[in-house]
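J.: Just dropping this structure here.
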Amino acid sequence: MTDTIPETARLTADVVLFGERDGQLYVLMIRRGWDPFAGHLALPGGHVDVSEDIQDAAYRELAEETGLHLGVLEYVGVYAAPGRDPRGRYVTFAYTAMLPHTPEPTAGDDATAAEWVLVDEALATVTELAFDHKQIIHDALRVAL
């Protein structure tokens, strides 16, 4: 019999915010200021605080990292594959919304930039997104459209 060390999972919440401009579909991305993936594009999101509702964490992280506040977020899914985050086991709950416009974001918290990126560019094979965010964007498209 081998000894095993219990694995601790950390909870996070991510937001896939889509917006339309000039007939094209954009996704709101941040540029990470810290490792892992410092300098990479990522979805707005972050840790769920103690005793915080997960969807409330999604709203809070969106506001902290982009300055944007939304009324309704739709559930996309849970992402918990081992290795999705190099820091250890992170389980993220993803939410999405579709806007008919692209309001100007303001980077804050641990984001060095917040910007609208064409969805096709974000999903291009040459674009390096943090974590498993390409998969989350793909899944959110099915929910939001």
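Coordinate-derived values only; no laboratory data. Computed from a predicted structure; not experimentally measured. We place every Cβ from the backbone using ideal geometry, glycine too, and count neighbours over all the protein chains shown.
J.: Taking the Cα centre as origin and putting +1 on Lys and Arg beta-carbons and -1 on Asp and Glu beta-carbons, what dipole magnitude results for the chain, to the nearest 20 debye?
T.: Roughly 260 debye for the chain.
J.: Here's a follow-up. Exposed loop sites here are GluC sites (Glu not before Pro) in DSSP loop states with at most 14 other C-beta atoms within 10 Å. What is the longest stretch of the chain lacking them?
T.: In short, 53-127.
J.: Still on this structure, please answer the following. Along the charge dipole of the chain, which of H47, A13, F131 sits closest to the positive end, that is, farthest toward it, with unit charges on the beta carbon of Lys, Arg, Asp and Glu (+1, +1, -1, -1)?
T.: After comparing all options, I get F131.
J.: How much FRET efficiency would the formula 1/(1 + (r/R0)^6) give for V50 and E121, where r is the Cβ-Cβ distance and R0 is 25 Å, rounded to 0.05?
T.: 0.10
J.: Arrange the following residues from fewest to most other Cβ atoms within 10 Å of their Cβ: I54, I5, I137.
T.: Sorted ascending by nearby Cβ count, the order is I5, I54, I137.
J.: Continuing with this model, one more query. Show the residues, 5+ positions off or on another chain, whose built amide H is closer than 5 Å to the amide H of V48.
T.: L11, T12, A13
J.: In nm², what is the average projected area of the convex hull enclosing the Cα atoms of the range 30-145?
T.: Result: a mean projected hull area of 7.2 nm².
J.: A9 to R142: extension gain in nm, 0.36 nm per residue of separation minus the Cα-Cα distance?
T.: 45.2 nm
J.: Could you give the length gained by full extension between Y75 and E128, i.e. 0.36 nm per residue of separation minus their alpha carbon distance, to one decimal place?
T.: Using 0.36 nm per residue and subtracting the Cα-Cα distance, I get 16.6 nm.
J.: Follow-up. In nanometres, what is the gap between the two model label sites at R89 and Q135, each 7 Å from Cα along Cα-to-Cβ?
T.: Each label point is offset 7 Å from its Cα along the Cβ direction, giving 1.6 nm.
J.: Here's something else I'd like to know. Relative contact order of the chain, please, whole-number percent, based on alpha carbon pairs below 8 angstrom and at least 6 residues apart.
T.: 33
J.: Something else now. Using θ = phi - 60° and the Karplus curve 6.51 cos²θ - 1.76 cosθ + 1.60, what whole-Hz ³J(HN,Hα) does each residue of the range 26-31 get, with Gly and Pro shown as x?
T.: 10, 10, 7, 10, 10, 9
J.: Which whole-Hz ³J(HN,Hα) couplings does the range 135-145 yield from phi under the Karplus relation 6.51 cos²θ - 1.76 cosθ + 1.60, θ = phi - 60°, glycine and proline marked x?
T.: So the J values, rounded to whole Hz, are 4, 5, 4, 3, 5, 5, 4, 5, 7, 7, 8.
J.: What does DSSP give for the range 13-122 in terms of the percent of beta bridges that are antiparallel, rounded to the nearest 5?
T.: 75
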